[in-house]
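Okay, structure first, notes after.
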Amino acid sequence: MYIEDIVNVVIEEGVESVGANAFRDAVNLEKVSFAVSVTEIGYFSFMNCGKLQVLTLPENLQSLMQQSFDSCVSLTKVSIPD
């Protein structure tokens, strides 16, 4: 499947939400960049992204749904905005 080919994700300006299960099981995903416009990250959206190590959440984030980053076993650093 193509989901396994994803290594880098850039959520561009103008996008307000990352949907449920959007990148679930992207097992080779290493980096995610969020635009400031992102206000919601859906349920299970990055679940099982086992190579994701560092995460910086967007400044305008209002909702981080349950288990958005569940089973991201390599995640060692998360930056959360004020």
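The values are calculated or read from the model by the stated rules, or taken from the named source; none is laboratory data. None of the values given here were measured: they were computed from a predicted structure. Using ideal geometry, Cβ is built from the backbone for each residue, glycine included, and neighbour counts are taken over all protein chains shown. Side chains included, ligands, DNA and RNA excluded: accessible areas come from the protein's heavy atoms. Shrake-Rupley method; radii C 1.70, N 1.55, O 1.52, S 1.80 Å.
Taking the range 59-80, which residues are open to solvent by less than 70 Å² (accessible area, probe 1.4 Å), at negative phi, outside any strand (DSSP E or B) and polar (S, T, N, Q)?
Matches in the range 59-80: Ser68, Ser74.
Would the range 24-40 turn up any residue that is in a loop (DSSP other than H, G, I, E, B), touching a strand residue (DSSP E or B) at 6+ places or on another chain (Cβ under 6 Å) and at pLDDT 95 or above?
Residues of the range 24-40 in a loop (DSSP other than H, G, I, E, B): 24-30, 35-39.
Now drop any that are not touching a strand residue (DSSP E or B) at 6+ places or on another chain (Cβ under 6 Å), which leaves 35, 38.
Still in the list and also at pLDDT 95 or above: 35, 38.
Scanning the range 24-40, I find at least one residue that is in a loop (DSSP other than H, G, I, E, B), touching a strand residue (DSSP E or B) at 6+ places or on another chain (Cβ under 6 Å) and at pLDDT 95 or above, so the answer is yes.
Out of the residues in the range 16-53 that are over 20 Å from Tyr2 (Cα atoms) and among the aromatic types (Phe, Trp, Tyr), state the one that is surrounded by the most Cβ atoms within 10 Å (Cβ to Cβ).
Only one residue tops the list, namely Phe34.
Is the range 49-58 home to any residue that is farther than 19 Å from Val10 by Cβ and in a loop (DSSP other than H, G, I, E, B)?
For the range 49-58, residues farther than 19 Å from Val10 by Cβ and in a loop (DSSP other than H, G, I, E, B): present.
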